[in-house]
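Report on the following structure.
The values are calculated or read from the model by the stated rules, or taken from the named source; none is laboratory data. Being a predicted model, the structure only gives us computed values, none of them experimental. All Cβ positions, glycine included, derive from the backbone under ideal geometry; neighbour counts span all protein chains shown.
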Amino acid sequence: KPNYNWVANTTLNATDWTTITGTYMLPDGVDPAAAQIYIGSTDQTGPYTILVDDILITRPDSGGGGGTTVIDTDFENGLNGWMLRQADSTPATLVLTETESHSPTHAALVTDRDGQGDGIGHDVTGIMSPGTTYIITAWVKFAAGSPADTLWLSMRRTNSGADSYDTVGQFANIPGDSWQQVTATYQMGPADTAFLYFETTYPDGTTAPFLVDDIKVEGQGGPDWDPSLTPVKDTVDFPVGVAIDSRETTGAYSGLLLHHFDQITPENHMKPEAWYDTDRNFRIHPEAKALMDYAAANNLRVYGHTLLWHQQTPDWFFQRDDGTPLTNSPEDQAILSSRLHDHIFNVAQTLSDMYGPFGSATNPLVAFDVVNEVISDSAEPDGLRRSPYYNILGPSYIDDAFLWADQAFNVDHAAPGVTRPIALVINDYNTEQADKRARLHTLVANLLSRGIPVDIVGHQFHASLSTPVQTFDDALTAFEDLPVKQLVSELDVTVSTPVNDARLIEQGYFYRDAFRIFRAHASNLFSVTIWGLYDTRSWRSDNAPLLFNAQLAAKPAYFGAVDQTLPARIRTALVFQADVPLEAGAISALEWQKLRLYNVGDKFSFQLRWMPDHLSVFVEAQDATPEAADKLTFQVGATTYTFNRDGTGDVDGVVEEVSGGWKAVVHLPLSGAAQDDQVQFDVALTDGANTLGWNDPGATATLTLAEPLSYLEVVGIGDGSAPAIDGSVDDVWALANTVSTDKQTTGTDTATADVKTLWQDDTLYVLLHVHDDVLDDTASDPWQKDSVEIYVDAGNYKNGTYRPDDTQIRINYKNEVSFGTGDTAAQQARLVSATSVVADGYIVEASISLLDEGGALTFHGLDFQVNDAANGARVGIRNWADPTNAGYQSTSHWGVGRLLDWTVPELHLTSPIHLTATDTDGYHGLTAEIAGVTATDAFDDPSWLTITSNAPEVLPIGRNVVTWTVTDLSGNTSTKQQTIFVHARVLTSLKYTGSQLVRVHTRSRSNWFTPSAVLSARRWACEIGQPVRFTLDRNPVTGEAVPTVLGIDNTNGGGMARLRVSSNKWKAGTYTLTVIYEGNNLGCVGSSTSVTLTVVVRP
């Protein structure tokens, strides 16, 4: 029975040739003569013709251990060399488990993890050989009940006592409910000892338990590279560099590097900490030496990175000898200043002693980052990062570093007759953002004005497809007014996950446009460096950010960089999960209102949602003339479906004729679809004889199936009082709906927030109550402090790339504000914020302008994020909406908020009612309480409701109709009418006619008191049948001074009211008897009289 294995795929068209490349390992025991390689199409139904040419099949060479399995562990017979990797002194646990295994019965479980570095590893010293490429596969999962997260596969290589850490693979979205196979390709570098291990994301990955099973490490021959490609360095007028370590100095990797690049940057091993061993002894790191040797042997330039950085610097640099932190005292300043001075001079001396003076033919070093990332990401008064250097030395350390570097590299160790051979660089990231760029420009201008020898401004340009490429031009242009050169120091471009052809092609266009910008600025550029040789070697490997893939094949990114022909762009769409049943209301369902429609010309628009078994498509067609041929045509994968305007077709759907056209909701079959799956899709509208599709004929778009869209309803406050932005919780917040930041995007069980939102006019109000027991703001990066981030896409454009009106607002618990991309001043003008620290964390309150996009029933892109910090670092992130941890780059996964103002309060009253006039002209001072009018509201407390009426100050005698109105804090109102009869006043009088002496005989059980009174009035209706109440001022049985009602009797035809009351057990004494007539609402005015009552008690 044949066994079919997919090798590679691509998209073909009828006009251009397309290259397809894949790597395949023939399984053990398979006869090569019985294997077939074939090329086919996903279209299994229609006729097609495929042209094929220039087929090349290569195999690895036999050297270097190629084709051998060096590790194969299924954990059925123990750990087989795998061991616990414990990142700190707190022990984790590694056990074999049968509860969750891949096959057949056992797996390794790492639990009790308290840090991302706790994991499982294998000593591969002598097992994995330097220069050999390995394919590493494993089945992995997080423990049952854990959310999906990211696992890393890493390698620690040790040479001459110095450790190097390599990221072998980054595996996103590893689930907790199923096993997933992961694969990584890794070229082993030089190592005295080596340790391969699984961990979670550095530095703040989850600490959830995870499992591994069926791990295999197989040696392969090195990949091939294509020497026929145009070298990147030959297409530009400036040097092109690449960041590497020693793994790229051998085999095909070296061949690819030397073909395309003429400069290298040591990625990690010239950073400050790399120059010191564990005993604080200064020496060159073996990796740095290997790269200097390689450059010298191959006529490559070396760009040094970096002399000073707030990260990857030994902790002891900022400590006294006893381990206590340095302060800004003069004594401590002298310690740090001396260490920095000595470090710079030691680096210069070591490299010149080993490779000759700088500027000589034997020393390949041409430039060095002197200071790296010293500009603040928030608006500090002087624009500088509050790093340990700054906190101890103040800003002067930057001047000192450049002056010392110039002396060391360009004077003391420069070759005779050579003027300043080493270019001195100030390097930073996010210079494509206007405000940070301005802060850097100010710093450089001030340094130059003081005579500080800054030669080059470096732009890192770590970008994504959401980065506007024009900002590269903006950054380079901004510094052309200064007497400095510029360079691009760390270029890469992430595509987001899952990686697909559409995104890789788009990446090609991004690199094309970026390099066109670089060519336009060539006269001012010292070099452009790509931050890695091939994708799986990148620090952002899961996002495929580089020019070449793991097999060293050129990607569209390469062809873009060299400005050669690129494939046509492939349309893409993100499809959120939701079900829209085919029932009444499907076409007008709220789900279709939450996102803007995709417009196809001016003929039709559509939106999509998915479920595991179907794709829901909403289509709105502009076609006022119904014809029998009118229809929709859908392509899902290789299958085509039609749905006609009359509601018939291959698939189920509903249709509705509307003014100017028709609308439909259609269900298209899917089978077992899951989040992150990709689906090829097209939709076309036929209007009579004309058909228009979303894609060009024969092409399909790539849909990525995403999580359910996060949605909230934002309650409006209308003309009510807006919350005061002061960090306290006003009563009006009780109106708001609440959501929580429940999506753990990094870390484990970190701080979360309850979030409330309100709106008024064009202002969004946000209240976040962050639950966090320990507050920390000691980091220099604002996002590594305890803080919240509020993302707002006013108008819900879901543009992906940030528009100027999209904002990322960061507010820490001390109300220190910073922003992500965009114009800081414009974003600050939209914001008012306040914070307060409370018992269980802190509160952030903010008002944010929605510009002109607000109003009832409008939709807005929103997300809320909590950054949890401890010990000067962010330990976790939680979001309300975006699970990708990429909201700072793209608005695509943000949630949606709908501004609502629909809570109408309800009046409760009785009609008609009767009132007795308060004066001769009518009833004065009518109130809702007097009229018995109350109100309720679904969200508002009754005390927040305002009830008013149109009643005049005096309701005249007779019939009146009053309109009552209730208004809530949102400005919503309702009204009701009430009929009120006002009756003229009829005065009454009461006369007591009963006995005032009560005799009680203690021996008798039948003692009675019979009080009576006569009610008189000018109107008979006020005398007859009226209730009269008899009350004593004290309780006659207990003597307690409590008013005691003896009873009520209605008057008879003569106006008399009489009681017969038992007087047994009454106490002797004098009492006051009060007789009261309350009156009524028919005009009878109440009256009363009082008499003295004497009780005599006898035997």
Task: Of residues in the stretch 649-670 being of a type in the set (D, E, K, R) and part of a loop (DSSP other than H, G, I, E, B), the one surrounded by the most Cβ atoms within 10 Å (Cβ to Cβ) - done: D650
TODO: For residues that are touching a Phe, Trp or Tyr at 6+ places or on another chain (Cβ under 8 Å) and closer than 30 Å to V961 by Cβ, scanning just the stretch 871-907, find the one that is surrounded by the most Cβ atoms within 10 Å (Cβ to Cβ).
DONE: L907
- [ ] Kindly check whether there is at least one residue in the stretch 998-1008 that is among the β-branched types (V, I, T), assigned by TED's automatic domain parsing to the domain that holds V1091 and without any contact (Cβ under 8 Å) to a residue 60 or more places away in the chain.
- [x] no
Task: Within the stretch 866-914, considering residues that are closer than 22 Å to A208 by Cβ and charged (D, E, K, R), the one modelled with the lowest pLDDT - done: R874
Open item on the list: Can you tell me how many residues within the stretch 706-722 are among the aliphatic types (A, V, I, L, M) and not in a loop (DSSP other than H, G, I, E, B)?
Closed with: 4
Open item on the list: I need the full set of residues from the stretch 1055-1099 which are assigned to a loop (DSSP other than H, G, I, E, B) and touching an Asp or Glu at 6+ places or on another chain (Cβ under 8 Å), in order please.
Closed with: G1055, L1059
- [ ] All but one of (1) over 30 Å from G1069 (Cα atoms); (2) in contact with a Ser or Thr (Cβ under 8 Å, 6 or more places away or on another chain); (3) of a type outside the set (A, V, I, L, M) hold for F981, so report the exception by its number.
- [x] (2)
Task: Conditions (1) modelled with pLDDT of 95 or more; (2) over 30 Å from D919 (Cβ atoms); (3) loosely packed, with under 13 Cβ neighbours inside 10 Å: number failed by D1049 - done: (3)
TODO: Out of T278, T306, report the one residue that is surrounded by fewer than 21 Cβ atoms within 10 Å (Cβ to Cβ), part of a loop (DSSP other than H, G, I, E, B) and within 42 Å of the chain's Cα centre (by Cα).
DONE: T278
Open item on the list: With in a strand (DSSP E or B), out of contact with any helix residue (DSSP H, G or I) (no Cβ under 7 Å at 6 or more places or on another chain) and buried (at least 19 other Cβ atoms within 10 Å of the Cβ) as the only criterion, which of L256, L196 stands out?
Closed with: L196
TODO: Within the stretch 691-726, count every residue that is at pLDDT 90 or above, more than 25 Å from W592 (Cβ to Cβ) and more than 31 Å from the chain's Cα centre (by Cα).
DONE: 0
TODO: Would you be able to tell me the number of residues in the stretch 919-928 that are of a type outside the set (A, V, I, L, M) and under 13 Å from A951 (Cβ atoms)?
DONE: 5
Task: Of all residues in the stretch 752-780 being of a type in the set (S, T, Y) and surrounded by fewer than 19 Cβ atoms within 10 Å (Cβ to Cβ), the one that is farthest from Q827 (Cα to Cα) - done: T778
Task: Every residue from the stretch 679-695 that is surrounded by fewer than 17 Cβ atoms within 10 Å (Cβ to Cβ) and farther than 13 Å from G601 by Cβ - done: G688, A689
Task: Residue ID - nearest to D793 (Cα to Cα), chosen from residues in the stretch 842-854 that are touching a strand residue (DSSP E or B) at 6+ places or on another chain (Cβ under 9 Å) and of a type in the set (A, V, I, L, M, F, W, C) - done: L850
Task: Subset of the stretch 587-608 (residues that are in contact (Cβ under 8 Å) with a residue 24 or more places away in the chain, under 22 Å from A624 (Cβ atoms) and part of a strand (DSSP E or B)) - done: Y598, V600, F604, F606
Open item on the list: For the stretch 908-944: of the residues being part of a strand (DSSP E or B) and over 14 Å from N960 (Cβ atoms), which is farthest from the chain's Cα centre (by Cα)?
Closed with: D919
- [ ] Just give me the residues in the stretch 1016-1054 being in contact with a strand residue (DSSP E or B) (Cβ under 8 Å, 6 or more places away or on another chain), assigned to a loop (DSSP other than H, G, I, E, B) and under 19 Å from T1092 (Cα atoms), in sequence order.
- [x] D1033, R1034, N1035, P1036, G1039, P1043
Open item on the list: Tell me the residue from T973, T988 that is in contact with a Phe, Trp or Tyr (Cβ under 8 Å, 6 or more places away or on another chain), surrounded by 13 or more Cβ atoms within 10 Å (Cβ to Cβ) and touching a residue at least 24 places away in the same chain (Cβ under 8 Å), please.
Closed with: T988
- [ ] Would you confirm whether any residue within the stretch 450-468 is among the aromatic types (F, W, Y), under 18 Å from R540 (Cβ atoms) and either surrounded by fewer than 21 Cβ atoms within 10 Å (Cβ to Cβ) or modelled with pLDDT under 95 (or both)?
- [x] no
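Out of the residues in the stretch 125-135 that are in contact with a Gly (Cβ under 7 Å, 6 or more places away or on another chain) and part of a strand (DSSP E or B), state the one that is modelled with the lowest pLDDT.
We begin by selecting, within the stretch 125-135, every residue in contact with a Gly (Cβ under 7 Å, 6 or more places away or on another chain); these are 129-134.
Then drop every residue that is not part of a strand (DSSP E or B), which leaves 133-134.
Working: T133: 89, Y134: 92.
Filtering the stretch 125-135 for residues that are in contact with a Gly (Cβ under 7 Å, 6 or more places away or on another chain) and part of a strand (DSSP E or B), the one modelled with the lowest pLDDT comes out as T133.
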Task: Count of residues meeting criterion [touching a helix residue (DSSP H, G or I) at 6+ places or on another chain (Cβ under 9 Å) and not hydroxyl-bearing (S, T, Y)] in the stretch 679-702 - done: 1
Task: Test: residue in the stretch 214-230 that is of a type in the set (F, W, Y) and farther than 16 Å from R537 by Cβ - done: no
Open item on the list: When you check A184 against the structure, is it under 27 Å from H102 (Cβ atoms), in contact with a helix residue (DSSP H, G or I) (Cβ under 8 Å, 6 or more places away or on another chain) and either acidic (D, E) or modelled with pLDDT under 95 (or both), yes or no?
Closed with: yes
Task: Residues of the stretch 342-381 that turn out to be of a type in the set (D, E) and at pLDDT below 95, as a count - done: 2
TODO: List the helices (runs of 4 or more DSSP H) that sit entirely inside the stretch 470-567 and contain at least 3 residues that are among the aliphatic types (A, V, I, L, M) and at pLDDT 95 or above.
DONE: 470-478, 501-520
TODO: Might you check whether a residue that is in contact with a helix residue (DSSP H, G or I) (Cβ under 8 Å, 6 or more places away or on another chain) and either surrounded by fewer than 21 Cβ atoms within 10 Å (Cβ to Cβ) or not assigned by TED's automatic domain parsing to the domain that holds H614 (or both) occurs anywhere in the stretch 703-718?
DONE: yes
